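Data block below; observations after.
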Amino acid sequence: MKLCKDVIIRYNYRIMKKFKELQKKEVFKSNIFKVSERKYLDFDGKMFKRQIIERDDSIGIVATFPDTDKAVFVLEWCAGINNWVLSIPGGKTKELNNKMKIKEALRELKEETGYKAKNIKILHQFNSMPGYMQRKVTLFTGDIYEGGQQYLGKHEYIKLEILSINDVIEKINQQKFEYEMDPEGLLALLLWKSMK
């Protein structure tokens, strides 16, 4: 079936417009996330509903040692899978501007690893799982300049790992990596590598 060019152009224009949000109602709330039910109006004037998970935004930092591809990683127990996951240092934030997010990323790095970093740059910002979740992720990179003591929260179980970023990516590609890797952390590593 062939569509005429005019129909394709009108269709493409329509899909680029936002739907009108008619109503937002909270249906569940916990100390980690909440769920809202939202009503929208589509292009044809028909109403439909979606349930959206709302979480605090997240930050993460690829902190590398000077003149190397070695970075500090956290091997952290994650309740969602009752297992250990390798990731970059990070956590949640309520901050909206990037200057404050940098401060939060540096705080998380210090708390989880004991290290301090400088020369902080944004790697990327994106919305994680936007089909059903409202949460922005901001990834940073920085150079480690000083070590220290971890300041872990209650029931926060973290082991530090110093690993080569290139080795981690290669082992994951070969499916020979011994840990499960956090997908946002993996994205940060790939972005870091593309900058070098």
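The values are calculated or read from the model by the stated rules, or taken from the named source; none is laboratory data. A quick note: this is a predicted structure, and the numbers were derived from the prediction, not measured. A quick note on method: Cβ atoms are made from the backbone with ideal geometry, for glycine too, and the neighbour counts reach across all protein chains shown.
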Quiz item: Does Val72 satisfy being in a strand (DSSP E or B), crowded, with 17+ Cβ neighbours inside 10 Å, out of contact with any Asp or Glu (no Cβ under 8 Å at 6 or more places or on another chain) and in contact (Cβ under 8 Å) with a residue 40 or more places away in the chain?
Solution: no
Practice problem: Go through Glu180, Glu156, Glu104 for me and flag whichever is surrounded by 19 or more Cβ atoms within 10 Å (Cβ to Cβ), closer than 23 Å to Ala79 by Cβ and either at pLDDT below 95 or in the same structural domain as Ile61 (by TED's automatic domain parsing) (or both). | Solution: Glu104
Quiz prompt | Within region 75-103, tally of residues that are over 16 Å from the mean Cα position of the chain (by Cα), farther than 22 Å from Lys193 by Cβ and either in a strand (DSSP E or B) or touching a residue at least 40 places away in the same chain (Cβ under 8 Å) (or both) | solution = 4
Quiz item: Any residue in region 46-59 that is in contact with a helix residue (DSSP H, G or I) (Cβ under 6 Å, 6 or more places away or on another chain), at pLDDT below 95, not assigned by TED's automatic domain parsing to the domain that holds Ile162 and not in a strand (DSSP E or B)?
Solution: no
Practice problem: Have a look at Leu123, Leu139, Leu86 and point out the one that is touching a Ser or Thr at 6+ places or on another chain (Cβ under 6 Å), farther than 23 Å from Asn31 by Cα and not aromatic (Phe, Trp, Tyr). | Solution: Leu123
Quiz item: Quick one: Gly131 ticks every box in (1) small (Gly, Ala, Ser); (2) in contact with a helix residue (DSSP H, G or I) (Cβ under 8 Å, 6 or more places away or on another chain); (3) without any contact (Cβ under 8 Å) to a residue 40 or more places away in the chain bar one, so which box is it?
Solution: (2)
Practice problem: Examine region 104-111 for a residue that is touching a residue at least 12 places away in the same chain (Cβ under 8 Å) and touching a Leu at 6+ places or on another chain (Cβ under 6 Å), and state whether such a residue exists. | Solution: no
Quiz item: If you take the residues in region 75-92 that are small (Gly, Ala, Ser) and buried (at least 16 other Cβ atoms within 10 Å of the Cβ), which one is farthest from Gly153 (Cα to Cα)?
Solution: Ser87
Quiz item: In region 131-148, is there at least one residue being part of a helix (DSSP H, G or I) and either surrounded by 17 or more Cβ atoms within 10 Å (Cβ to Cβ) or at pLDDT 90 or above (or both)?
Solution: no
